[in-house]
Amino acid sequence: MKKVLIFLALPLLFMAEGCSKFTEGYGESPNNPTIATPPLILSSAELGLYASYTGTLARISAILTQQAGGVQGQMLEYDQYQLLNTANTNDWNNLYNNIVQPANDLIENYGKTNEQYAAVMKIMKAMALGATTDIWGDVPATEAGMGNITGNQTPKFDTQEAVYTYLQTLLNEAITTLTATGGTNNYTIGSDDFIFGGDLEKWVNTARILQARFANHLSKGDATGSATKALGYLANVTDAGDAMAQYGTVTAELNQWNAFNADRKNYLKMGKFLVDLLASYNDPRLPYYAAKTAAGTYVGAAPSSEDVNTSDIGSYIAGEGAPIPLVTYSEALFIKADANLRLGNTAEAAANYNAAVIKAVTQVTGSAPSAAYIAAHASATAATITEEMIATQKYIALFTQIEAWSEWRRTGYPVLTPNADNVTGKNEIPRRLPTENNELLYNKANAINVTDIFAKVWWDSL
């Protein structure tokens, strides 16, 4: 990877001067700092995280899992499985240049005197590398983003198995630091932390959910072991507060889904599969996930339909200042349900599932679902709970999240019909992105060239 400055302008994300939420307390533009302090690095990296988790990669995930439909431009190309190795260079660069590299720089230059900042950055680094490996497979990890420190501009590609071990190491180290008494901290995390405002208990909670997420991904190869580990990570998780990408309501602060809808109107719509599923469930989340059409109805775009008269993404995700979920307690409950079911703890699995559905609906709508909805979709018992029930409701709850694609690949639910009108000639849904082109050009001695978008990543092929 090419050496870049720590602070890069993030289109749609860096906030306009004059907005106190993002610039109060800074004496200079965050895009042109004279001194890179831990608070400034943290803020910048969080914006990079927002860009990765709520931008193009999230849209690709939503399209491939038919939560959304690409009907024009580049979104139509994704809808038709035209996934080129030159198309996601910005996303790849953002993950490494705006999250992984700043994390390494902060840990190396400030970590000993700012242990809490270093710990939070380890969690964000794990989030960045976790998304990267789940999408691309074998990727640079242990040597990645170290150019400013070691001079190594061509990091090795770690196997995904090794990356997963590294993710747990980062998260374990972060949790140990954040739960310790004392420590050395010249700066105190506060408003520079856009996600939690310096609440370290919430960061610990998030780290533990991430540990469970990554452990649960390994269920194909070790159903029992992955379940046991996931439940162990979740043993002390509480409903302390979800990790959300936070946005404002002025033009420069709008969330990426809202900005994308404004800049590329009719490129992306709700997916027919998800709209129909929600309608069949009489699900109260439908008017939050989807906007009504001009005709006053909720209609999703079928793959390759190019139907611009379908529903836009709704206010829950694409409202002007709508926060977007990154890691949530409802996900933790779904993981508990999944893991307990694999272990044969059917009563616990059913209870976890019911709680997860109610929590997920409440998170979106602001109130608990009706008694009728609970009776139909959140009243599972030890005798009725199934993997398909858990995975389908989790799919709904993970609306527009990259994790939805990972979970579909892991479980096969919900059952989706591939887009028959795709450019590959195969009746399959892509399971990864091809190796990013610049790595092949500038890191060719190490890059592992994968061109087959239907080839399974390591945990998917166990």
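Every residue, every condition in (1) in a loop (DSSP other than H, G, I, E, B); (2) over 22 Å from GLN211 (Cα atoms); (3) of a type in the set (Ser, Thr, Tyr); (4) modelled with pLDDT under 95, yes or no:
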{"position": "LYS112", "(1), (2), (3), (4)": "yes, yes, no, no"}
{"position": "ALA119", "(1), (2), (3), (4)": "no, no, no, no"}
{"position": "LYS122", "(1), (2), (3), (4)": "no, no, no, no"}
{"position": "ILE135", "(1), (2), (3), (4)": "no, no, no, no"}
{"position": "ALA144", "(1), (2), (3), (4)": "yes, no, no, no"}
{"position": "PRO155", "(1), (2), (3), (4)": "yes, yes, no, no"}
{"position": "TYR164", "(1), (2), (3), (4)": "no, no, yes, no"}
{"position": "GLN168", "(1), (2), (3), (4)": "no, no, no, no"}
{"position": "LEU171", "(1), (2), (3), (4)": "no, no, no, no"}
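Among the residues of region 80-102, those that are touching a residue at least 60 places away in the same chain (Cβ under 8 Å) and of a type in the set (A, V, I, L, M) comprise LEU83, LEU84. The residues on offer are LEU210, LEU200, LEU178, LEU218, and the sole one that is among the hydrophobic types (A, V, I, L, M, F, W, C), crowded, with 24+ Cβ neighbours inside 10 Å and at pLDDT 95 or above is LEU210. Hey, any hits in region 169-178 for a residue that's assigned by TED's automatic domain parsing to the domain that holds THR132 and touching a residue at least 60 places away in the same chain (Cβ under 8 Å)? Yes, some residue in region 169-178 is assigned by TED's automatic domain parsing to the domain that holds THR132 and touching a residue at least 60 places away in the same chain (Cβ under 8 Å).
One line per residue, one yes/no per condition, for (1) crowded, with 22+ Cβ neighbours inside 10 Å; (2) closer than 24 Å to GLY314 by Cα:
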residue: GLY366; (1), (2): no, yes
residue: HIS377; (1), (2): no, yes
residue: GLU388; (1), (2): no, no
residue: GLN393; (1), (2): yes, yes
residue: THR411; (1), (2): no, no
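Exactly one residue among PHE214, PHE194, PHE157 is assigned by TED's automatic domain parsing to the domain that holds SER43, of a type outside the set (D, E, K, R) and under 26 Å from THR328 (Cβ atoms), and that residue is PHE194. All conditions in (1) closer than 29 Å to ASP79 by Cα; (2) touching an Asp or Glu at 6+ places or on another chain (Cβ under 9 Å); (3) of a type in the set (Ser, Thr, Tyr) hold for TYR267, with the sole exception of (2). When the residues of region 101-160 are filtered to those that are among the basic types (Lys, Arg) and buried (at least 23 other Cβ atoms within 10 Å of the Cβ), the one that is nearest to GLU173 (Cα to Cα) is LYS122. Of the residues making up region 76-105, those that are assigned to a loop (DSSP other than H, G, I, E, B) and out of contact with any helix residue (DSSP H, G or I) (no Cβ under 6 Å at 6 or more places or on another chain) are GLN80, TYR81, GLN82, LEU83, LEU84, ALA87, ASN88. All of PHE196, PHE273 fail the test of being on the phi < 0 side of the Ramachandran plot, hydrophobic (A, V, I, L, M, F, W, C) and touching a residue at least 60 places away in the same chain (Cβ under 8 Å), apart from PHE273. Residues of region 299-355 that are under 30 Å from LEU218 (Cα atoms), surrounded by fewer than 22 Cβ atoms within 10 Å (Cβ to Cβ) and more than 17 Å from the chain's Cα centre (by Cα): ARG342, LEU343, GLY344, ASN345, THR346, ALA347, GLU348, ALA351, ASN354, ALA355. Looking only at residues in region 62-97 that are more than 24 Å from LEU440 (Cα to Cα) and out of contact with any strand residue (DSSP E or B) (no Cβ under 7 Å at 6 or more places or on another chain), the one that is surrounded by the most Cβ atoms within 10 Å (Cβ to Cβ) is LEU64. With the condition kept exactly as written, say whether any residue in region 225-242 is hydrophobic (A, V, I, L, M, F, W, C), assigned to a loop (DSSP other than H, G, I, E, B) and touching a Ser or Thr at 6+ places or on another chain (Cβ under 6 Å). No - not one qualifying residue is present in region 225-242. The set of residues in region 53-79 that are over 15 Å from PRO418 (Cα atoms) and either touching a residue at least 60 places away in the same chain (Cβ under 8 Å) or outside the structural domain of PHE157 (by TED's automatic domain parsing) (or both) comprises TYR53, THR54, GLY55, LEU57, ALA58, ARG59, VAL71, GLN72, GLY73, GLN74, MET75.
Based on what the data block shows, is GLU201 closer than 24 Å to GLN401 by Cβ, of a type in the set (Asp, Glu) and assigned to a helix (DSSP H, G or I)? Yes: the conditions hold for GLU201.
Counted as qualifying within region 346-462 are the helices (runs of 4 or more DSSP H) with 1 or more residues that are outside the structural domain of TYR53 (by TED's automatic domain parsing), namely 346-365, 371-377, 387-397, 402-411.
The values are calculated or read from the model by the stated rules, or taken from the named source; none is laboratory data. Keep in mind that this is a model prediction, so the values were computed, not measured. Using ideal geometry, Cβ is built from the backbone for each residue, glycine included, and neighbour counts are taken over all protein chains shown.
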